[in-house]
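In what follows, a single structure is set out as structure tokens and then discussed.
The values are calculated or read from the model by the stated rules, or taken from the named source; none is laboratory data. Keep in mind that what you see is a predicted model, and the values were worked out from it rather than measured. Cβ placement follows ideal geometry from the backbone for every residue including glycine, while neighbour counts extend to all protein chains displayed.
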Amino acid sequence: MPKPTPRPVDPKDVRELALAVLQGDRFPVLATADGDQPRVRPITCTWTDDFTVYFANLKRFHKTQEMTANAKVELCFLDKTDDQVRITGVAELVTDRATQEEAFRRDALLRQYLGSPDNPEFTLFRVKPTRVRFMREWALDYFEVPL
């Protein structure tokens with residue numbers, strides 16, 4: 001079987017290509033640490049601001065405790081062509097009311113299931129990137145994305 005040939009990537013286009021992958025993935029995968037055990041699960045991304053990622057969560061979910069104990073996380077976004085973006089970063093609990101309200105303004109599921117930021121189960125996390133990498137399908141090499 002012949003080896004697939006990835007579409008070429010011009011390094012000057014890496015940032016835009018990576019941002020397009022973020023827009024093309026509805027359910028990125030979040031990796032956290034549970035002590036010495038890695039945990040991964042798909043999440044619903046509420047919105048992105050450049051490579052900063054916001055997502056809502058329930059307080060009772062185990063990932064809340066995991067990110068509180070160890071805020072280092074990684075997100076993997078994959079679009080329909082299997083291009084990939086990995087965001088390594090730090091998860092922060094968002095407590096300012098204006099940003100919490102923005103999450104509800106943007107996300108109909110939040111409004112439907114939790115009603116408002118006053119719901120005691122509601123938490124909002126922001127992942128601030130420390131490193132972003134882009135990989136074209138089948139390329140097997142990552143491009144560093146400038147932050």
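A few comments on the model shown:
- Residue within segment 81-88 that is at negative phi and without any contact (Cβ under 8 Å) to a residue 40 or more places away in the chain present: no
- A count restricted to segment 1-38 and to residues that are exposed (fewer than 14 other Cβ atoms within 10 Å of the Cβ), more than 17 Å from Asp141 (Cα to Cα) and among the charged types (D, E, K, R) stands at 4.
- Test: Val90 is at pLDDT 95 or above, in a strand (DSSP E or B) and under 13 Å from Met135 (Cα atoms): no
- Single unsatisfied condition, Asn119 versus (1) under 20 Å from Arg60 (Cα atoms); (2) more than 14 Å from the chain's Cα centre (by Cα); (3) surrounded by 13 or more Cβ atoms within 10 Å (Cβ to Cβ); (4) in contact (Cβ under 8 Å) with a residue 40 or more places away in the chain: (4)
Yes/no per residue for (1) without any contact (Cβ under 8 Å) to a residue 12 or more places away in the chain; (2) among the small types (Gly, Ala, Ser):
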site	(1), (2)
Pro2	yes, no
Thr5	no, no
Val9	no, no
Leu17	no, no
Val21	no, no
Gly24	no, yes
Phe27	no, no
Arg39	no, no
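- Phe51 vs. criteria surrounded by 20 or more Cβ atoms within 10 Å (Cβ to Cβ) and in contact with a helix residue (DSSP H, G or I) (Cβ under 8 Å, 6 or more places away or on another chain): yes
- Scanning segment 85-120 for residues that are under 27 Å from Pro38 (Cα atoms) and out of contact with any helix residue (DSSP H, G or I) (no Cβ under 7 Å at 6 or more places or on another chain) turns up Arg86, Ile87, Thr88, Gly89, Val90, Glu92, Leu93, Thr95.
- Residue match in segment 5-27 (condition: in contact with a Ser or Thr (Cβ under 8 Å, 6 or more places away or on another chain), among the aliphatic types (A, V, I, L, M), at pLDDT below 95 and not in a helix (DSSP H, G or I)): no
- Residues of segment 33-66 satisfying the condition of being among the polar types (S, T, N, Q) and either closer than 26 Å to Lys80 by Cβ or touching a Phe, Trp or Tyr at 6+ places or on another chain (Cβ under 8 Å) (or both): Thr44, Thr46, Thr48, Thr52, Asn57
- The set of residues in segment 83-109 that are crowded, with 17+ Cβ neighbours inside 10 Å and closer than 24 Å to Ala20 by Cα comprises Asp83, Gln84, Val85, Arg86, Ile87, Gly89, Ala91, Glu102, Ala103, Phe104, Asp107.
- The condition of being surrounded by fewer than 17 Cβ atoms within 10 Å (Cβ to Cβ), at pLDDT 95 or above and out of contact with any Lys or Arg (no Cβ under 7 Å at 6 or more places or on another chain) holds for only one of Lys80, Lys59, Lys72, that being Lys72.
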